[in-house]
Amino acid sequence: MRLTVEDVSFGYDASRKVLQGMTFTYESPDVMCLLGSNGVGKSTLLKCIMGELTPTSGTILIDGRPVRSYSPREMAHRVAYIAQTHTPSFSYKVIDVVTMGRTSRIGYLANPSDSDVQFAYEQLEYLGIERLAERPYTDISGGERQLVMIASALAQQPEALLLDEPTAHLDFGNQFKFVRLVERLRERGMGVLMTTHFPDHALLLGCTTAILTNGGVGAQGPAGQVVTEESLRTIYDIEINIRDIERRRVCIPGSMTDPLGREDRSSGAGKFETGSTRRP
Amino acid sequence: MERMGESPDKRPETGPDTGRADGEAPQRAPEGTGTAVAAGSSEAGTPGVSRSAEFVRGRRRMTWLVPLFVALPILAVLVSLTIGVYSISLPDVCRIVWCGITGTKFTSDAYANPQLAYNMVWTVRLPRVVASSLVGAGLGMAGAVFQGVFRNPLASPYTLGVSNGAGFGAAIAIVLGLSMGFTQGSAIAFGLASVALTFAVASRSSRSNVTLVLAGMLISSLFSSLVSLIKFVADPAEKLPQIVYWLMGSFSEVSFDKLVTILPLYVVSVVVLLCYRWRLNVLSVGDVEARSFGVNVTRDRNVAIVAASVISAVAVSVSGIIGWVGIVVPHLARMITGPDYRRLLPVSLSLGAVYLCVIDDVCRALTTAEIPIGVVTGIIGVPLFLFFIYKKKVNW
């Protein structure tokens, strides 16, 4: 699957543009990270790609066809989208939720067969959470729920997963496990396009990375080239140091000597600005 | 890249791969299938028997639900036929029903006039009992559908304004002195018109789920005011009591003719919803998720809403407005089946039929003067609903 985003802009009303002039390409089964500050429109961009929102200008193509021309079923065979949070209302069993991923693979009015349930269960096994199969989806933790949604997405057999800040609600350990899961998905041949707040993850995965700014895509390329001290400083508006420790490259926010700004108050420490208030 | 070539998503091998990234012990058995998995683990080494296949085989299937929930409404109907001033025993009721179906003559020594007993069952009691079952089943099912698509435990068949619309239709027909058939038709027409109006109002916004409920409330109150207006101008001696009686709901005026008129619409809608049972599951999980799973959310939700609204409108046209059935029955059903619409819909149908059939028995048997059924469903339904909440049985 080849995704082309060309000069896409979006605004809920004319005066306030959430997205402006986004241009990048993605091709499965690559892994790609989208970095950008709060409010720069990462989630909005994914919603535009999924056809949930219609861009005010620009085009989004999948395999050369505008996304709006895809039926939901055709779309489900290309990409599976997982939103940041999902608030469940009914206590479906985990296995039932994962089996719902099969919906686009069965007839319009058909019920999933035993082999669909088996395939769903295999996705739970793949993620190592098959012990949750008979548990109510409402009773499991947020991290587990995230994995269940990924299992549903895999049951859908798309060409790529579209993940909106998949690590946002995970604890420290689960965040790291998630990065390793992305690596396994890559080995399996499953494309991943995700937004993230962690440049470390992009460096760790060494994947294609695009930097989103208020004025468009700042840069796109291998993480090692795109994720630099300067580019991160532009995104996040703080000093960021990138260091190589043994065989790892890590991002350290703040000054190496005075991270909390105790000695130098002039740097604006403790004040917040977000993408939507900051003008390019 | 070639999409049609090698599928990028190979089936994962079970076994060596399990639980690698996440450090969870994959050997633990899934809850609820303890014995099946324990039996399966001994032969885990045998080729061809994977743990996932074992899991599928070990899943608890509620096959006992089918005969039980088919039998319950039939039993309720037969028992209800025995209830009344003129006493007819259950075996005789069965024989009379059988005679009617096969077209043979009912003869019995137990009755001074067997033909009277026969007529009592076939022309007096059966239409009423069948009507209350059909209306109960329809309202129960429609309620289950509305609660799912709106993901709201308080959604009911009347959420989109069907009841007040139909009430207005019936009231206007009564005031104009139209015949029974026209009153019924007018109730259906205005019930569906109010839903159409609700859709028209809500279509201005993209957040259609919340807006629909809100628009339903608005249209509902509009028609409710119009009904008040009609009540105000109606002739208080003759028309007003009729309107009030209709608004409180009753099966006393029901006939087979009335049922036959609504049957095609009713059956088609019920069948459509039963066909949609898996889709309703997916829709009830969430709009974003359902869309990602490949469901055309707007279209499929509208199909479900229209079908459920048609059922509600024709039900109201038979019986007048009967509240609380469409809220309480799906919750009762969910206590038994869980949220899965593949089981919830048939069980809601069955329980709805039994529930309203029994309540109508109470209405006609408790006192010599008949109690309006809409009043009784409220008096029974509200404490029941409170009980669910209190016991946290609202399996939500």
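When accessible surface is computed with a 1.4 Å probe, chains A and B are found to bury approximately 5900 Å² between them, both chains counted.
The longest part of chain B holding none of the exposed loop GluC sites (Glu not before Pro), meaning those outside H, G, I, E and B in DSSP with at most 12 other Cβ atoms within 10 Å, is B:44-237. Karplus-derived 3J(HN,Hα) values for region A:15-25, using 6.51 cos²θ - 1.76 cosθ + 1.60 with θ = phi - 60°, are 6, 10, 7, 8, 10, 9, x, 7, 9, 6, 10 Hz; glycine and proline are entered as x. Taking DSSP loops as anything outside H, G, I, E and B, show the longest stretch in chain A free of trypsin sites (Lys or Arg not before Pro) there with at most 10 other beta carbons within 10 Å. With trypsin sites (Lys or Arg not before Pro) excluded where exposed in loops, chain A gives A:1-246 as its longest stretch. For chain B, with all protein chains in place and a probe radius of 1.4 Å, 67% of the accessible heavy-atom surface sits on carbon or sulfur. May I have the count of lysine pairs in the protein assembly as shown with C-alpha atoms under 17 Å apart, counting pairs 8 or more residues apart or located on different chains? Eligible lysine pairs with Cα atoms under 17 Å apart amount to 4. Derived scalar couplings between HN and Hα for region A:67-78 equal 4, 5, 8, 7, 6, x, 5, 4, 4, 4, 7, 8 Hz in order, rounded to whole Hz, by the Karplus curve 6.51 cos²θ - 1.76 cosθ + 1.60 (θ = phi - 60°), x for Gly and Pro. On a 0 to 90 degree scale, rounded to 10, what angle separates helix A:114-127 from the longest Cα axis of chain A? With both axes taken from Cα atoms, the answer is about 30 degrees. Shown here for region A:57-145: chymotrypsin sites (Phe, Trp or Tyr not before Pro) in loop regions (DSSP other than H, G, I, E, B) with at most 16 other Cβ atoms within 10 Å, namely A:108. Can you list the residues of region B:262-297 that have at least 40 square angstrom less accessible area with all protein chains present than in their chain by itself, probe 1.4 Å? Buried by 40 Å² or more upon assembly, which counts only protein chains, are B:275, B:278, B:279, B:285, B:288, B:289, B:291, B:292, B:293, B:294.
Between amide H atoms placed 1.01 Å from N, distances below 5 Å from residue A:219 occur with A:211, all of them 5 or more places distant or on a separate chain. In this structure the protein assembly as shown gives 44 Å² per residue of accessible area when probed at 1.4 Å with all protein chains present. Along the axis of the charge dipole computed for chain B (Cβ charges of +1 for Lys and Arg, -1 for Asp and Glu, origin at the Cα centre), the listed residues B:58, B:77, B:117 are led at the positive end by B:58. For chain A, adding -39500 (n - 2.57) for each run of n ≥ 4 DSSP H residues and dividing by the number of residues yields -9000 deg cm²/dmol at 222 nm. In plain terms, chain B is cut at each of the trypsin sites (Lys or Arg not before Pro) found in a DSSP loop with at most 16 other Cβ atoms within 10 Å, and the longest leftover piece is B:208-390. For chain A, the mean projected area of the C-alpha convex hull, equal to one quarter of the hull surface, is 16.5 nm².
Of B:138, B:383, B:246, which is farthest along the charge dipole of the protein assembly as shown in the positive direction, counting Lys and Arg as +1 and Asp and Glu as -1 at C-beta? The Cα lying farthest towards the positive end belongs to B:246.
Modelled label positions at residue A:229 and residue A:252, each set 7 Å beyond Cα in the direction of Cβ, lie 1.1 nm from each other. Accessible surface of region A:148-195, 1.4 Å probe: 55 percent of it comes from carbon and sulfur atoms. For region A:2-267, the relative contact order is 23 percent, taking Cα pairs closer than 8 Å that sit 6 or more residues apart in sequence and dividing their mean separation by the residue count. Basic side chains Lys and Arg get +1 at the Cβ, acidic Asp and Glu get -1 at the Cβ, and with that the dipole of region A:2-267 about its Cα centre reaches some 300 debye. Each part reduced to its alpha carbon centroid, region B:228-297 and region B:316-364 end up 13 Å apart. Note that region A:151-161 has calculated 3J(HN,Hα) couplings of 4, 4, 4, 5, 4, 6, 6, x, 8, 8, 9 Hz, one per residue in order, obtained from phi through the Karplus relation 6.51 cos²θ - 1.76 cosθ + 1.60 (θ = phi - 60°); glycine and proline are x. The dipole here belongs to the protein assembly as shown: it is taken about the Cα centre, uses +1 on the Cβ of Lys and Arg and -1 on the Cβ of Asp and Glu, and is about 960 debye. Candidate membrane-span-like segments in chain B, meaning DSSP H helices with Cα atoms spread over at least 15 Å of their own axis and a Kyte-Doolittle mean of 1.6 or above, are B:65-82, B:208-233, B:256-275, B:373-390, with no membrane implied. A loss of 10 Å² or more of accessible area (1.4 Å probe, protein heavy atoms, ligands and nucleic acids excluded) relative to the isolated chain is seen in these residues of region A:173-218: A:177, A:180, A:181, A:184, A:187, A:188, A:189, A:190.
Of the residues making up region A:106-122, those losing 30 Å² or more of accessible area when the isolated chain is joined by the remaining protein chains, with a 1.4 Å probe, are A:108, A:109, A:111, A:112, A:114, A:117, A:118, A:119, A:121, A:122. From its DSSP helices (H runs of at least four residues, each -39,500 (n - 2.57)), chain B gives a residue-normalised ellipticity at 222 nm of -22000 deg cm²/dmol.
The values are calculated or read from the model by the stated rules, or taken from the named source; none is laboratory data. What you see is a predicted model, and the numbers here were worked out from it, not measured in a lab. Every residue, glycine as well, gets a Cβ built from its backbone with ideal geometry; the counts of neighbours run over all protein chains shown. The protein model used for the area step is the full one, side chains on, heavy atoms only, and it has no ligands, DNA or RNA in it. Shrake-Rupley method; radii C 1.70, N 1.55, O 1.52, S 1.80 Å.
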